[in-house]
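One structure is given below, encoded as structure tokens.
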Amino acid sequence: MLLPHNHLEPAFQIQPSVEEPPMNERILISGASIAGLTLAHWLARHGFRPTIVERAPRLRTGGNGVDIRDDSATVIERMGLTPRVRELAADVHGMKFVDAAGRAVARIDTRGAGSVEIMRGDLVALLHEATDAEIIFGDSISAIEQDDDGVTVAFEHAPARRFDLVIGADGMHSNLRRLAFGPEERFIRHKDHYFAFGNADAALGEDRWVTMFNTPGKMTGIYRSGNHDQAKAYFIFRSGPLDHDHRDTAEHRRLLGEAFADQTWAPTQALLDSALADPDLYFDALGQVHMDSWSNGRVALVGDAAWCASPASGAGAELAIVGAYRLAGELAAANGDHQVAFARYDAVQRPLVDKKQQIGPNVGLMVPKTGGGRCVRDALVRLSVMKVAGAVERHIQTHTARPLPDYHRAA
Ligand SMILES: Cc1cc2nc3c(=O)[nH]c(=O)nc-3n(C[C@H](O)[C@H](O)[C@H](O)COP(=O)(O)OP(=O)(O)OC[C@H]3O[C@@H](n4cnc5c(N)ncnc54)[C@H](O)[C@@H]3O)c2cc1C
């Protein structure tokens with residue numbers, strides 16, 4: 001899909017409310033990525049005062065292309081960012097599956113497939129430019145204490161501060177979720193695969209195509225956008241939970257190197273070398289977060305922290321953008337009353353999350369378990385069955401979707 005034409009607001013213009021401040025004006029957000037930056041933008045527009053704390057020393061701009069579609073395209077339009085997203089959109093024609101000799105055995109042309117792809121790093125940078133909030137880099141919340149009037153927040157480095165509300169937008173392994181809801185083992189479901197994304201030499205991939213090579217339970221890929229010098233390598237392998245610390249990057253490199261040491265596709269070693277040398281290499285389990293409630297008193301969660309659907313959903317950015325918009329909007333509509341707003345946010349966002357967490361077919365497509373499964377996948381691709389199925393799903397969705405509310409502050 002092409003994004004809706006933006007003729008409403010000039011890019012990056014933030015118009016804070018001129019009314020009286022709402023209840024619960026001071027809001028701390030943990031995590032400066034897609035969910036946290038979008039949330040801060042909308043909170044500021046509704047008259048709240050957001051502050052973001054980000055553990056990394058700067059914005060994390062790694063990752064492949066992510067999709068902006070449906071309601072997330074509407075949110076981007078309402079942020080005035082559509083022209084910039086169009087300018088920066090990845091120039092990719094589709095996916096192709098190759099054999100060990102590098103010959104394409106099947107292709108899916110994804111042009112006109114109902115979304116705009118943009119490199120994750122470009123999107124994060126764009127959202128940052130559009131966000132008028134204090135951002136504290138290189139720090140993390142170490143403790144929170146809630147009372148009737150607010151939350152006292154201690155940081156690893158900065159002095160403690162008071163906020164009215166605290167929102168966790170700090171990803172699948174959310175620190176705030178651990179502090180306010182309990183250990184992550186209660187919420188993360190392992191989905192039998194690991195994912196890695198890292199930089200790659202563009203010469204290794206076909207221009208404007210995502211090239212993928214499979215052996216049973218493994219996939220090596222290269223994402224080569226026509227308008228980016230830097231390509232992205234990505235890797236998926238099937239495995240039960242591995243005993244490792246999700247923050248130990250040396251361990252990530254070792255596990256990834258070992259998993260792909262046996263591969264026969266010629267570019268694999270070069271792709272591995274460049275990905276392993278990338279300081280922002282992303283390596284994580286294909287996990288999903290499932291929670292009965294996304295709030296606890298004055299604390300709430302958004303994005304992967306609340307409902308990670310995993311990169312295999314292709315919907316992480318979409319869910320984060322729409323969820324952040326709705327959370328800010330419900331707070332505005334309730335004039336800052338967090339009890340009302342958090343309950344409504346949960347009710348309106350949950351159906352979309354439940355749908356996008358159904359990732360079984362996507363994983364089967366990208367990483368067939370057996371050689372036979374790969375042949376069936378390639379045959380289905382050649383018959384365009386997947387393209388037709390995608391078009392039918394989009395048609396149903398367009399005709400059943402409820403319009404995204406245009407939130408305003410309660411009087
Ligand atoms: C480097 C990177 C690369 C990625 N690449 C891809 C990709 O190629 N394809 C894909 O589908 N998805 C990718 N993802 C995941 C994708 O961004 C999310 O699924 C989705 O967009 C939801 O975004 P989010 O803002 O909820 O979470 P995330 O994008 O995961 O962001 C969480 C943010 O919180 C920060 N954070 C973590 N711990 C703390 C803490 N203790 N205190 C403060 N801040 C903290 C992180 O540094 C990060 O900036 C990537 C994520 C990262 C971080």
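The values are calculated or read from the model by the stated rules, or taken from the named source; none is laboratory data. If you're wondering where the values come from, they're calculated on a predicted model, not measured in any experiment. All Cβ positions, even for glycine, are placed from backbone atoms using ideal geometry, and neighbour counts span all protein chains on display. What goes into the accessible areas is simple: the full protein's heavy atoms, side chains included, and nothing from ligands, DNA or RNA. Shrake-Rupley method; radii C 1.70, N 1.55, O 1.52, S 1.80 Å.
Yes or no: residue 280 within 16 Å of the ligand (Cβ to nearest atom) and out of contact with any strand residue (DSSP E or B) (no Cβ under 7 Å at 6 or more places or on another chain)?
Values: within 16 Å of the ligand (Cβ to nearest atom): yes; out of contact with any strand residue (DSSP E or B) (no Cβ under 7 Å at 6 or more places or on another chain): yes.
So residue 280 passes the test.
Would you point out which residue out of 295, 313 is open to solvent by 10 Å² or more (accessible area, probe 1.4 Å), at pLDDT 95 or above, touching a helix residue (DSSP H, G or I) at 6+ places or on another chain (Cβ under 6 Å) and not acidic (Asp, Glu)? Quick ask: steps written out before the conclusion?
Working: 313 fails: at pLDDT 95 or above.
Answer to the check: 295.
How about region 334-375: which of its residues are under 19 Å from residue 26 (Cβ atoms) and in contact (Cβ under 8 Å) with a residue 60 or more places away in the chain?
334, 335, 336, 337, 338 - these are the residues of region 334-375 that are under 19 Å from residue 26 (Cβ atoms) and in contact (Cβ under 8 Å) with a residue 60 or more places away in the chain.
Do you know which of the residues in region 40-68 that are of a type in the set (A, V, I, L, M) and touching a Ser or Thr at 6+ places or on another chain (Cβ under 9 Å) is nearest to the ligand (Cβ to nearest atom)?
My answer is 53.
Would you mind finding the one in 10, 22 that is more than 22 Å from residue 313 (Cα to Cα), open to solvent by less than 20 Å² (accessible area, probe 1.4 Å), modelled with pLDDT under 95 and assigned to a loop (DSSP other than H, G, I, E, B)?
On the way: 10 fails: open to solvent by less than 20 Å² (accessible area, probe 1.4 Å).
Just one listed residue meets the conditions, 22.
Scanning for something at pLDDT below 90, in contact with a helix residue (DSSP H, G or I) (Cβ under 9 Å, 6 or more places away or on another chain), more than 11 Å from the ligand (Cβ to nearest atom) and at negative phi, does region 119-132 turn up at least one residue? I'd like the intermediate steps shown before the answer.
First pass over region 119-132, keeping only residues at pLDDT below 90: 132.
Subsequent filtering for residues that are in contact with a helix residue (DSSP H, G or I) (Cβ under 9 Å, 6 or more places away or on another chain) retains 132.
With the extra rule that they be more than 11 Å from the ligand (Cβ to nearest atom), the set shrinks to 132.
The next check asks that each one be at negative phi; those that pass are 132.
Yes, there is a match, as at least one residue in region 119-132 is at pLDDT below 90, in contact with a helix residue (DSSP H, G or I) (Cβ under 9 Å, 6 or more places away or on another chain), more than 11 Å from the ligand (Cβ to nearest atom) and at negative phi.
Suppose we keep only residues that are under 22 Å from the mean Cα position of the chain (by Cα) and within 12 Å of the ligand (Cβ to nearest atom) within region 133-155. Which one would you say is most open to solvent (accessible area, probe 1.4 Å)?
Restricting to residues being under 22 Å from the mean Cα position of the chain (by Cα) and within 12 Å of the ligand (Cβ to nearest atom), the top hit is 137.
Looking at region 241-259, which of its residues are touching a residue at least 24 places away in the same chain (Cβ under 8 Å) and either of a type in the set (Asp, Glu) or in contact with a strand residue (DSSP E or B) (Cβ under 6 Å, 6 or more places away or on another chain) (or both)?
241, 252, 256, 259 - these are the residues of region 241-259 that are touching a residue at least 24 places away in the same chain (Cβ under 8 Å) and either of a type in the set (Asp, Glu) or in contact with a strand residue (DSSP E or B) (Cβ under 6 Å, 6 or more places away or on another chain) (or both).
Being within 11 Å of the ligand (Cβ to nearest atom) and within 16 Å of residue 39 (Cβ to Cβ) is true for just one of 320, 315. Which residue is that?
From the options 320, 315, the qualifying one is 320.
Just to be sure I understand, how many residues within region 156-175 are within 9 Å of the ligand (Cβ to nearest atom) and touching a residue at least 40 places away in the same chain (Cβ under 8 Å)?
The first filter runs over region 156-175 and keeps only residues within 9 Å of the ligand (Cβ to nearest atom), leaving 156, 168-175.
Now drop any that are not touching a residue at least 40 places away in the same chain (Cβ under 8 Å), which leaves 168-175.
Matching residues across region 156-175 total 8.
Only one residue in 40, 32 is part of a helix (DSSP H, G or I), at pLDDT 95 or above and buried (at least 22 other Cβ atoms within 10 Å of the Cβ), so which one is that? Can you show your working first?
Values: 32 fails: part of a helix (DSSP H, G or I).
Criteria check complete, one pass: 40.
What about residue 192, is it out of contact with any Phe, Trp or Tyr (no Cβ under 8 Å at 6 or more places or on another chain) and within 20 Å of residue 258 (Cβ to Cβ)? Explain how you work it out, then say what you get.
Working: out of contact with any Phe, Trp or Tyr (no Cβ under 8 Å at 6 or more places or on another chain): yes; within 20 Å of residue 258 (Cβ to Cβ): yes.
Yes; evaluated as a whole, the condition is true for this residue.
Among the residues of region 163-193, write down those that are under 21 Å from residue 327 (Cα atoms) and part of a strand (DSSP E or B). Show your work before the answer.
First, the residues of region 163-193 that are under 21 Å from residue 327 (Cα atoms): 163-181, 187.
The answer is 163, 165, 166, 167, 168.
Condition first: assigned to a strand (DSSP E or B), more than 12 Å from the ligand (Cβ to nearest atom) and open to solvent by 10 Å² or more (accessible area, probe 1.4 Å). Now tell me which residues in region 231-276 satisfy that. Walk me through it before giving the result.
First pass over region 231-276, keeping only residues assigned to a strand (DSSP E or B): 231-238.
From what is left, the residues that are more than 12 Å from the ligand (Cβ to nearest atom) are 231, 237-238.
Hits for region 231-276 are 237, 238.
Among the residues in region 109-119, are any surrounded by fewer than 16 Cβ atoms within 10 Å (Cβ to Cβ) and under 19 Å from residue 85 (Cβ atoms)?
Here is the first cut: in region 109-119, the residues surrounded by fewer than 16 Cβ atoms within 10 Å (Cβ to Cβ) are 109, 111-112.
Narrowing further to those that are under 19 Å from residue 85 (Cβ atoms): 111-112.
Yes, region 109-119 has at least one match.
Step by step: first the residues of region 178-195, then only those that are modelled with pLDDT of 95 or more and near the ligand (Cβ under 10 Å from one of its atoms), then the one that is farthest from residue 237 (Cα to Cα). Which residue is that?
179
Any residue that is at positive phi, part of a loop (DSSP other than H, G, I, E, B) and open to solvent by 10 Å² or more (accessible area, probe 1.4 Å) - is there at least one of those in region 205-217? Give the steps one after another, and end with the answer.
Residues of region 205-217 that are at positive phi, as a first pass: 208, 217.
Still in the list and also part of a loop (DSSP other than H, G, I, E, B): 208, 217.
Next, only the ones that are open to solvent by 10 Å² or more (accessible area, probe 1.4 Å) stay: 208.
Checking region 205-217: at least one residue is at positive phi, part of a loop (DSSP other than H, G, I, E, B) and open to solvent by 10 Å² or more (accessible area, probe 1.4 Å).
Can you tell which of 249, 264 is among the hydroxyl-bearing types (Ser, Thr, Tyr), out of contact with any Gly (no Cβ under 7 Å at 6 or more places or on another chain) and farther than 23 Å from residue 121 by Cα?
264
What helices (runs of 4 or more DSSP H), lying completely within region 277-381, carry at least 2 residues that are β-branched (Val, Ile, Thr)? Reasoning before the result, please.
On the way: elements: 304-307, 316-333, 338-356, 360-366.
Result: 316-333, 338-356.
Out of all the residues in region 79-108, which are open to solvent by 20 Å² or more (accessible area, probe 1.4 Å), outside any helix (DSSP H, G or I) and of a type in the set (D, E, K, R)?
Within region 79-108, 91, 99, 103, 107 qualify.
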